[in-house]
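First comes the structure, then the notes that go with it.
The values are calculated or read from the model by the stated rules, or taken from the named source; none is laboratory data. Keep in mind that what you see is a predicted model, and the values were worked out from it rather than measured. Heads up, the Cβs are rebuilt from the backbone with ideal geometry, glycines too, and the neighbour counts pull from every protein chain shown.
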Amino acid sequence: MALLEVKNLGISFGGLRAVDQVNFSIKEGQLYGLIGPNGAGKTTLFNLLTGVYQPTDGSIMLQDKLLNGKKPAQINRAGIARTFQNIRLFKKMTVLDNVKVALHNQVHYSLFATLFKLPSYWKKEKEMDKMALDILKVFDLEGQASVLAANLPYGKQRKLEIARALATNPKLLLLDEPAAGMNPNETEELMQTIRLVRDRYKITILLIEHDMKLVTGICEEILVLNFGMELAKGTPSEVLNNPEVITAYLGE
């Protein structure tokens, strides 16, 4: 069953066609890759899926619900969460609080209880602490729960951003170059973590990545963009052996 269905998706900025007639679907539980040369339109596609940009044409369906015209917060509540190329954490907040912020979709208490710190408030706070710590354990970050996000090493900041996105309880998690800036050991660990997240939380993952070892190591299907258009689509072996893909990356 398709979780996400994208049909004839396109967007123009003035006279520039940044994404043009893109079609793909992602099944529930799938690990799906999005690759392409720099400037191919990958992040623009992510921005369309998350409501940062509104498509000029085409449709985006999440479990048969049309996402066109919805704002990012509405799309997040519908079940899509994302990370960014450039890490966007709350740097002056602790690791734990970065994850707790993202639990707003799941934990609710009244303004009255919050203002007067009633027992119901503290009960909810304890629930949130436990939920956040459970997520941090998946990323081996529970030991740094009280550390400011700004003081984490780069690789752990990347993991924290994924943990925060996961805390919104998404159906579809979009990862924008999660291995950027990581060394080979960190990338290998990240591969294992992404698989673990998919299997433990039963969610679907779409990732942009330039590290071909990571893409071919975990993705079950890949879409290749070039100049905003679909260049190829298929299994990792089919895509990476496609002459047009090789030309796009390496030239004639």
Worksheet item: Taking the stated definitions as given, is residue 170 crowded, with 20+ Cβ neighbours inside 10 Å and in contact with a Gly (Cβ under 6 Å, 6 or more places away or on another chain)?
Response: yes
Discussion item. Residue 142 - would you say it is of a type in the set (Asp, Glu), out of contact with any strand residue (DSSP E or B) (no Cβ under 6 Å at 6 or more places or on another chain) and not assigned by TED's automatic domain parsing to the domain that holds residue 35?
Written reply: yes
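Taking residue 107, is it aliphatic (A, V, I, L, M), modelled with pLDDT under 95 and in contact with a Ser or Thr (Cβ under 9 Å, 6 or more places away or on another chain)? Break it down stepwise before answering.
Numbers: aliphatic (A, V, I, L, M): yes; modelled with pLDDT under 95: yes; in contact with a Ser or Thr (Cβ under 9 Å, 6 or more places away or on another chain): no.
No.
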Worksheet item: Going through region 80-89 one residue at a time, which ones are out of contact with any Ser or Thr (no Cβ under 9 Å at 6 or more places or on another chain) and surrounded by 15 or more Cβ atoms within 10 Å (Cβ to Cβ)?
Response: 83, 87, 89
Item to complete: Pick out the one residue from 126, 92 that is more than 22 Å from the chain's Cα centre (by Cα) and in a helix (DSSP H, G or I).
Response: 126
Item to complete: For residue 33, state whether it is closer than 20 Å to residue 171 by Cα, under 19 Å from the mean Cα position of the chain (by Cα) and assigned to a loop (DSSP other than H, G, I, E, B).
Response: no
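Within region 160-206, work out how many residues are of a type in the set (A, V, I, L, M) and under 16 Å from residue 29 (Cβ atoms). Talk me through it step by step, then tell me what you get.
Filtering region 160-206 down to residues of a type in the set (A, V, I, L, M) leaves 160, 162-163, 165-167, 172-175, 179-180, 182, 190-191, 194, 196-197, 203, 205-206.
Checking the rest, the ones that are also under 16 Å from residue 29 (Cβ atoms) come to 166, 172-175, 194, 196-197, 203, 205-206.
Of the residues in region 160-206, 11 are of a type in the set (A, V, I, L, M) and under 16 Å from residue 29 (Cβ atoms).
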Discussion item. Could you check region 184-211 and list, in sequence order, the residues that are touching a residue at least 12 places away in the same chain (Cβ under 8 Å) and polar (S, T, N, Q)?
Written reply: 187, 193, 204
